[in-house]
Every structure is written in C-alpha cells, then in structure tokens.
1. Could you say which residue among 183, 174, 205, 247 is at pLDDT 95 or above, farther than 22 Å from residue 53 by Cβ and outside the structural domain of residue 85 (by TED's automatic domain parsing)?
2. Identify, from the list 85, 121, the residue that is out of contact with any strand residue (DSSP E or B) (no Cβ under 6 Å at 6 or more places or on another chain) and either touching a residue at least 60 places away in the same chain (Cβ under 8 Å) or not assigned by TED's automatic domain parsing to the domain that holds residue 211 (or both).
3. Evaluate the following for residue 231: is it outside the structural domain of residue 46 (by TED's automatic domain parsing), in contact (Cβ under 8 Å) with a residue 12 or more places away in the chain, surrounded by 12 or more Cβ atoms within 10 Å (Cβ to Cβ) and over 23 Å from residue 58 (Cβ atoms)?
4. Taking the range 162-210, which residues are in a loop (DSSP other than H, G, I, E, B) and closer than 27 Å to residue 140 by Cα?
5. Evaluate the following for residue 241: is it modelled with pLDDT under 95 and loosely packed, with under 15 Cβ neighbours inside 10 Å?
6. Given the options 192, 213, 241, 246, name the one that is farther than 27 Å from residue 146 by Cβ and more than 25 Å from the chain's Cα centre (by Cα).
7. Taking into account only those residues within the range 143-167 that are touching a helix residue (DSSP H, G or I) at 6+ places or on another chain (Cβ under 7 Å) and under 16 Å from residue 232 (Cα atoms), which is surrounded by the fewest Cβ atoms within 10 Å (Cβ to Cβ)?
C-alpha cells in the first residue's frame, strides 16, 4: 500500500454497508484501493430478526472479523464520533476508549437508523425498543412477566409492531398484549393482509387501539389524548430516526 492508494471508508456494517464493502472489494484492484469497514458492534446484527431476540430466541452469532476473513476488507470496530469532510477524516472511538482517525478519499455512509424514542417525552426513559441491546435486555424478564400476566404495551403498529406483538403473544400466552397506533393499523398492507392479521390478533388475545397518539410516557402509563393506557412494560416501535452525525459535520 502506498500514499497513492485510494482509501475508502465504509461507516456501518449493516446489510447495506457490508454489501457495499464486499462488492467494492470484488470490483476494485487491491493494489490501488484499500477498504476499511467500521462498525460499533463486532458482530453482524440481523436487524430484521430483532423481534425474535425480544422473545428470547437465541440467534447465531456472526462475527464480522470472521465474515471478512477471506476478503481484503480491513475491519475497524468502534463508534464513529465525528466527521471532518474538509480534512477527509472519520474519527472512531474503540471499545477500549482509544480514538482512531481514519483518512479517506471516499466515504460510504451507511450508519442507518435507530428507533425514535427522542421525539416523545419519557419514551427513552420508560420504554424498551427493538434495537439489539434493548431487545437483549428485555428478553430475560419476559418469562416472569408472563407468569404475573403483565400488561405489555407496544407503541406502533407497522410491520415491526405486528411482528413483535404476535411473537410475544405466541411465546408467552400469559402476557396481556396491547398495540396502540396513532393512525390506522398496518396502513401499508393490503386489505386482505389486514384481515388476516386482525384474525391473528383476535386469536392471540391482542388488543388493538387505533387512531390514538401517545403524547408522553410515565413509568407505568402511556398518556394519550383519549386518556392514559396503563402498562407493566412498554416497547416502542413507533418510527425511526437517523444519526445527526452527517448533518453536524
């Protein structure tokens, strides 16, 4: 590798980032292009399966270093904390607390999104989410909650809300599951699909509350314009937000 080598840094090793890095490695010359892939976790997270983590299912670990072992992609674990587009520097903080500056000629930004708990007062303090760490933290609590017939409230009734609520109700029949949504239920699905899911909700004993916006969360209740909804555990699946890292650079 020389000073003339083109440096490509890919931020985020989700589906898009991992695919981008691998395709780039296959289509460029190792003598002229160097590729670094940055990710906060050392394992690949199958995000579309996080609802299974909440219910306690163990998913196979997929270490990124092992996945990239037979490629020429350099893996840099750590969290991106700053971007300097003028100097072409991405600053990464490693798990050991060290700071690494990565110089790039080209930057591929695929940091993705996270569950938006910042827009509703109390959501970040009083709700779990389907993000990996939160899902793993909630999973061991559910068996005892089911024995106590605890009230589980899901805020959001998109695809993720449907997946999580039905997964929980099937695996833990003792839970009393309620889904609340600010709009209509599963608005992106066909009428036939909606009918099918409503039948599944009815069979599993899931309560659906539509056209009711949650305005804030307290420790054991969701506040709405129609009145409070009590819960023992709240899971927030109502929308996503992106990092402001690029916007603030």
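The values are calculated or read from the model by the stated rules, or taken from the named source; none is laboratory data. In this text the structure is predicted, and so the values were computed from the model without any measurement. Ideal geometry is used to build each Cβ from the backbone, glycine not excepted, and the neighbour counts take in all protein chains shown.
1. 205
2. None of the other options fit; the residue is 85.
3. For residue 231, the condition - outside the structural domain of residue 46 (by TED's automatic domain parsing), in contact (Cβ under 8 Å) with a residue 12 or more places away in the chain, surrounded by 12 or more Cβ atoms within 10 Å (Cβ to Cβ) and over 23 Å from residue 58 (Cβ atoms) - is met.
4. Once the filter is applied, which keeps residues that are in a loop (DSSP other than H, G, I, E, B) and closer than 27 Å to residue 140 by Cα, the range 162-210 yields 172, 173, 174, 175, 181, 205, 206.
5. Taking the combined requirement at face value, the residue satisfies it.
6. 192
7. By that ranking, first place goes to 152.
Let's see how each residue does on (1) farther than 29 Å from residue 163 by Cβ; (2) modelled with pLDDT of 95 or more:
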residue: 40; (1), (2): no, no
residue: 48; (1), (2): no, no
residue: 54; (1), (2): no, no
residue: 57; (1), (2): no, no
residue: 65; (1), (2): yes, no
residue: 71; (1), (2): yes, no
residue: 91; (1), (2): yes, yes
residue: 98; (1), (2): yes, no
